[in-house]
Amino acid sequence: MTDERDAKELRVPDVIGILPLRGTVLFPHAVVPLAAGRASSVQAIEEATRGSRLVGAVMQKDPSENAPSRSGLHDIGTLALIHKVLKQPDGSLRLVVQGLSRFRLGEFVQDAPFLRARIETIAEDTGPADLEAEALARSATALFQKVVALTPTLPDELASVTSDVSDPGAVADVIAASLTSLALPLRQELLDIINVNGRLARLVSALGKEAEVLELGSKIQSEIQSEMSKTQREYYLREQLKAIQKELGDSDERTQEVDQLREKIEQAGMTEEAKTEALRELDRLAKMNPAAAEYTVVRTYLDWLLAVPWQQETTDSIDIDAAGRILDEDHEGLEKIKDRILEYLAVKKMRPAGKDPILCFVGPPGVGKTSLGRSIARALGRRFHRISLGGMRDEAEIRGHRRTYIGALPGQIIHGLRRAGSKNPVFMLDEIDKLGMDFRGDPASALLEVLDPEQNGTFRDHYLDVAFDLSRVLFVTTANVMDTVPAPLRDRMEIIHLAGYTEEEKIAIAQKHLVPKQATEHGLVAGVDVTFTPEALRLLARGYTREAGVRNLEREIASVWRKIARRRAAGQVEPVTVTPDVVTGFLGVPRFEFEEVQERTRVPGVVTGLAWTPAGGDILFVEASRMKGRGNLTLTGQLGDVMKESVQAALSWVRANAVRLGIPADFWENADIHVHVPAGAIPKDGPSAGVTMATALVSLLTNRPVQGGLAMTGEISLSGRVLPVGGIKEKVLAAHRAGVRTIVLPRRNEKNLIEDVPAEVRRVMTMHLVDSIDDVLGVALEARAVAVA
């Protein structure tokens, strides 16, 4: 290993050049190659080669330090003999050195051009326990040989490196120098230990731990190799079995399954893109072990691709007369929507390949928006599927999850097509105005592609990841209000408003649908066990409900049926004719009275207004009162900013025209006015109560009450003009339900009155179309003032 005689004959000086080492520990009795690139190290080596060829090799504490000080070097180093030096083209040196003995580093005597320091050589301290050192050396040698055998990167010849070394201390140094896998701090620790027994004991401990780690790693590697060999063996056996079965003309269940899937893919009528993807995944499936986790994922994906109706579609019924009869059977009124469906059928008859429209039914609850979708599907002869969008917040509900997620599935669109079993169903997207949005995405934005006829021909679900044609689907959406629907989504839909039913329509709906339905649900027969008179149904619609739809009317009819069913259960089996008196006896006195409007407007300063609500419109009362004061205006009734501004505008107009209206010019200087809109728990806003506010103020200040049974709506300007407002149909129907028979409307809303309000309602009501507030006052106020008590 080393030339001990040459080493012993060398005379070691007290001061020697120091060679700082980065990430390397040089042990005595070891011959190792080193590289020197720093200028100071190069000069120290060149100086040594001109003399004794001795340098002091000491490891740095911080390898990144370029010019270490005394504190940056360890205390114990190794005296090294330079055997060979090679100069490189870049000026660095490659050298071979031999470790001779340990030394303790003293003070520096020179910092430049290289380090020189005083050293104290250290002799080996074997101590009195020579037998213990021998035993430790043998243990260290055995463990070293075991580590070499377990480490595949170490040559087997390395195990014999200690065979010619007899000194226990030298054994420890040779083993530590040979095992480069030992951590640097441990190697420096072994160099620092002067006592041979202590050094060997520490080495034995480190070698024992290293051997345990290597044994565990070898065991794990063996298990992995064994499992891989087993898997490969099974694969080869399966391939051989397939070959044998092929020769015999037999096939296993898995092969049959793959062949069946391939046949289904060929017959599914997929697009080229989908077919290519399906066959690619099928090839992957055929090569997989059925026990693999990915096998189930691929099989589920193929099942979904096959379940989608690529070519299956129903044939539209283009009989327009029959479709009209079906729509009339299912729904009373709603002429605009029926006409739109029949127009669609007519276009479909003329051009069968045309794109289907995207309709949006907007109206209050209970007017039949959802059931209208079923009627459309029945009239067209198509299948129907409904999705409730209320509360949906995850974009993946529309587009599906990507297959990288565990448990991923397609979105509701693909789910619906699979359930419908047709590529051209009537697809009802219910409550589109109640979509949510959070960190998982915006479903309304995902619907932009679905509801765009220019884009949905290549709809791509995240799970399937192939294009599917949705242009053959007739999408019908419903909403109560459009304010919460994003503008881009509104732009993609044809919006059709459903304002509500008239009283006559409600009676007809009750006779044709609600009464027979509730009779069946209560185990009775309508027309045999019980007969409802039209007057009784009118009382139910007028006195017990006040709504745009018929849901509450159905509940009240159900209450009557329950009363009758209870009698039948008690033994009273005679037929019952439900008259208004019977209704009152069952349900109590009516909750709504028509006389309320006339009673409340007998007092000056009280006017009936009309309001639009999401439930279909309602009437409201505006009350004005005057008391002594200093010209203050008080507004109550939870009014919004726009409504407050309407009161301010009305008051300004009254003050500007006070003399002409017969009102003292100084009325505002010595009086306070309070305007209140009852039902104070309900927020109210909008400009359409402007004429109502102005009429209430004039009525109060002139002491002239408003005509009985009269209501009004319209926006007012400071010049006294009456401007048009929205929601005319809802407001007129609300007035009709409340028993109002005279209505004042802006003249510019005449087109809405003619187009939207049913003719039977216009026939029983008097409509006054006005241009200015003077026209309103001429119609609304009594001719004479009432006497002041």
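Miscellaneous remarks
- By average C-beta atoms within 10 angstrom, highest first, the peptides 732-740, 278-286, 511-519: 732-740, 511-519, 278-286
- Among I564, Y405, Y295 - extreme Cα towards positive end, dipole of the chain, charges at beta-carbon: I564
- Solvent-accessible area, 1.4 Å probe, carbon plus sulfur percent, for the chain: 51
- Estimated FRET transfer efficiency when R0 is 51 angstrom, pair I122-E239 (beta carbons, to 0.05): 0.15
- Unsatisfied cross-links (Cα-Cα over 20 Å) in the set K349/K369; K512/K729; K336/K369; K369/K729: K349/K369; K512/K729
- Cβ-derived FRET efficiency at R0 22 Å, A291 paired with L409, nearest 0.05: 0.45
- Model label points for I754 and E272, set 7 angstrom from Cα along the Cα-to-Cβ axis, are 5.7 nm apart.
- Set of segment 362-392 residues, backbone N closer than 17 Å to the point 7 Å along the Cα-Cβ line of K349: 379-382
- Accessible area of the chain divided out per residue, in Å², using a probe of 1.4 angstrom: 49
- Using alpha carbons only, the radius of gyration of segment 537-665 set against its Kirkwood radius gives Rg/Rh = 1.20.
- Extension gain, A487 to Q311, is 60.0 nm, computed as 0.36 nm per intervening residue step minus the present C-alpha separation.
- Note on the chain: antiparallel DSSP beta bridges, both residues inside, total approximately 55 percent of the bridges counted.
- Segment 261-419: relative contact order as a whole-number percent, Cα under 8 Å and 6+ apart: 21
- Note on the chain: helix-only mean residue ellipticity at 222 nm, from DSSP H runs of 4+ residues weighted -39500 (n - 2.57) and normalised by residue number, equals -13500 deg cm²/dmol.
- Chain lengthening between E335 and R460 when straightened (0.36 nm per residue, less Cα-Cα): 41.3 nm
- Protein-only accessible surface at a 1.4 angstrom probe places the residues E46, E272 in the order E272, E46, largest first.
- Derived scalar couplings ³J(HN,Hα) [segment 483-495; Karplus, 6.51 cos²θ - 1.76 cosθ + 1.60; whole Hz; x for Gly, Pro]: 4, 8, 8, x, 4, x, 6, 4, 5, 8, 10, 8, 8
- Length-normalised contact order for the chain - Cα pairs under 8 Å, 6+ apart - percent: 7
- Length-normalised contact order for segment 76-214 - Cα pairs under 8 Å, 6+ apart - percent: 22
- On the basis of the beta-carbon distance and an R0 of 45 Å, Q232 and A142 show a calculated FRET efficiency of 0.75.
- Rounded to the nearest whole Hz, the Karplus-based 3J(HN,Hα) values (6.51 cos²θ - 1.76 cosθ + 1.60, θ = phi - 60°) of segment 257-271 follow the sequence 4, 5, 5, 5, 5, 5, 5, 5, 4, 5, 8, 6, x, 5, 5, with x at glycine and proline.
- Which of F103, F532 is most accessible, then next, and so on - probe 1.4 Å: F532, F103
- Virtual spin-label span in nm between K209 and L524, 7 Å along Cα→Cβ: 9.1
- Fully extending the segment from R555 to A39 would add 175.7 nm, taking 0.36 nm per residue of separation and subtracting the current Cα-Cα distance.
- Quotient of Cα Rg and 2.2 N^0.38 Å for segment 206-349, N being how many residues it contains: 2.03
- A convex hull fitted to the Cα coordinates of segment 684-731 yields 98 cubic angstrom per residue.
- A149 versus R763: modelled label distance in nm, points set 7 Å from Cα along the beta carbon direction: 11.2
- Solvent exposure ordering (accessible area, 1.4 Å, most first) of E669, E277: E669, E277
- Across segment 328-352, the residues whose backbone nitrogen lies under 16 Å from the label position 7 Å along the beta-carbon direction of I320 are 328, 336-352.
The values are calculated or read from the model by the stated rules, or taken from the named source; none is laboratory data. Quantities reported herein were computed from a predicted structural model and do not represent experimental measurements. Cβ coordinates were reconstructed from backbone atoms using ideal geometry, including for glycine residues, and neighbour counts include every protein chain displayed. Heavy atoms of the whole protein, side chains included, go into the accessibility calculation; ligands, DNA and RNA do not. Shrake-Rupley method; radii C 1.70, N 1.55, O 1.52, S 1.80 Å.
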